[in-house]
Amino acid sequence: MDPTTTPSHSEDELTKVSDANSEQTIRKSTNAGQTQVAQTVTTSSTTPNSQSTKTQHTLGATPGAAKEYGQKKTLFHAYQILGYIFGFVEIVLAFRFVLKLLGANPEAGFAKFVYGLSMPFAGPFVSLFHATTTTGVETTSFFEWSTLVAAFVYVIITWAIMKIFKLGKPTDATEVVNSVDSQ
């Protein structure tokens, strides 16, 4: 989001400037939202032969708003990175669970790859529960409870890390009042 848009309130300042050939009216508006501050300068000029021109310029965010926007952007990127890491771990654990459940040959290349990739994540939980086994004619399938527990634990860990990151999020007075009032 551009930090110079979506104002929540504005203040206007009018200035008239005259010289021999024209008269200019300058309207300077300062728009301030929760995380955005911008100034819009509108210049209207009229020449002696009644030709009118109007120009409008938007000046960037104030340093404080730009810093706050930068902090929120960094937090957003941290959430994204954490989400990608969490997604990768969950997908690897899901593949492990499904391959074990369907009784995949552990010597097959793909199964060996998935089991090796998932072992650092599932390893701490492997001896937590015994796997429920079902023996068929050609395969033995495992319902690996420990993999499900590992996936659940990683969900909780990711949620907790995101909550800790949120503590560093910049806030303003309105956000604090609304949060306290809603509890």
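Among (1) under 30 Å from LYS73 (Cβ atoms); (2) in contact with a Ser or Thr (Cβ under 9 Å, 6 or more places away or on another chain), where does GLN183 come up short?
Failed condition: (2).
Yes or no, residue by residue, for (1) over 31 Å from the mean Cα position of the chain (by Cα); (2) surrounded by fewer than 16 Cβ atoms within 10 Å (Cβ to Cβ):
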| position | (1), (2) |
| --- | --- |
| TYR79 | no, yes |
| LEU93 | no, no |
| GLY109 | yes, yes |
| LEU128 | yes, yes |
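What are the residues in segment 124-136 that are touching a residue at least 24 places away in the same chain (Cβ under 8 Å) and either part of a loop (DSSP other than H, G, I, E, B) or closer than 24 Å to GLU68 by Cα (or both), if any?
ALA131, GLY136
Provide a single number: the residues in segment 137-183 that are assigned to a loop (DSSP other than H, G, I, E, B) and out of contact with any Phe, Trp or Tyr (no Cβ under 7 Å at 6 or more places or on another chain). Spell out the reasoning first.
First, pick out the residues of segment 137-183 that are assigned to a loop (DSSP other than H, G, I, E, B): 137-139, 144, 168-172, 182-183.
Among the residues that remain, those that are also out of contact with any Phe, Trp or Tyr (no Cβ under 7 Å at 6 or more places or on another chain) are: 137-139, 168-172, 182-183.
Matching residues across segment 137-183 total 10.
Listed residues THR133, THR174, THR147, THR158; which is of a type in the set (Ser, Thr, Tyr) and exposed (fewer than 12 other Cβ atoms within 10 Å of the Cβ)?
On the way: THR133 fails: exposed (fewer than 12 other Cβ atoms within 10 Å of the Cβ); THR147 fails: exposed (fewer than 12 other Cβ atoms within 10 Å of the Cβ); THR158 fails: exposed (fewer than 12 other Cβ atoms within 10 Å of the Cβ).
None of the others qualify; the one that does is THR174.
Between a first residue in segment 82-104 that is small (Gly, Ala, Ser) and a second residue that is part of a helix (DSSP H, G or I), which pairs have beta carbons less than 6 Å apart while being 6 or more apart in sequence or on different chains?
ALA104/ALA111
Looking at this structure, is ALA151 within 30 Å of ALA78 (Cβ to Cβ) and assigned by TED's automatic domain parsing to the domain that holds TYR79? Spell out how you get there, then give the answer.
Details: within 30 Å of ALA78 (Cβ to Cβ): yes; assigned by TED's automatic domain parsing to the domain that holds TYR79: yes.
Spelling it out, ALA151 is indeed within 30 Å of ALA78 (Cβ to Cβ) and assigned by TED's automatic domain parsing to the domain that holds TYR79.
The values are calculated or read from the model by the stated rules, or taken from the named source; none is laboratory data. Bear in mind the structure is a predicted one, so any value in this text is a computation, not a measurement. Don't worry about glycine lacking a Cβ; one is built from the backbone with ideal geometry, like all the others, and counts go over all protein chains shown.
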